[in-house]
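The structure under discussion appears below in the form of structure tokens.
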Amino acid sequence: AHIRNRAKYVARLGQSFSASMDSAIVPEHSVTVIPDIEVDGPNGQRYCFTDGVGLISRALAERVAERIGRSPEDMPCAY
């Protein structure tokens, strides 16, 4: 496969080796997929703007914070 952005590829690959904690199970019907923004560039190449980050409801954020030992007042702003 052709890799267009090696830095992004390596960063995403590294995520699979990072530590993560099991914190909450979210039913599939509660998940909404928000598509990335894609545009055609001036040279005909397609560009995809994504940061790889999603959204989380306050209620779920509070559940995750509790699960990882944080109070809602000390809740992380990103997971």
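The values are calculated or read from the model by the stated rules, or taken from the named source; none is laboratory data. Please read all numbers here as calculations on a predicted model, not as lab measurements. Note that each Cβ is placed from the backbone with ideal geometry, even for glycine, and that neighbours are counted across all protein chains shown. What goes into the accessible areas is simple: the full protein's heavy atoms, side chains included, and nothing from ligands, DNA or RNA. Shrake-Rupley method; radii C 1.70, N 1.55, O 1.52, S 1.80 Å.
Results, tabulated for the structure shown:
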| read-out | value |
| --- | --- |
| The range 34-48: number of residues that are assigned to a loop (DSSP other than H, G, I, E, B) and at negative phi | 7 |
| Subset of the range 55-72 that is outside any helix (DSSP H, G or I) and touching a residue at least 12 places away in the same chain (Cβ under 8 Å) - its residue that is surrounded by the fewest Cβ atoms within 10 Å (Cβ to Cβ) | Leu55 |
| Pairs where the first residue, in the range 1-12, is open to solvent by 90 Å² or more (accessible area, probe 1.4 Å) and the second is modelled with pLDDT of 80 or more, C-beta under 9 Å, 6+ apart | Arg4/Gln45 |
| Selection within the range 14-46 - without any contact (Cβ under 8 Å) to a residue 24 or more places away in the chain, of a type in the set (A, V, I, L, M) and open to solvent by 100 Å² or more (accessible area, probe 1.4 Å) | Ala19, Ile25, Val33, Ile34, Ile37 |
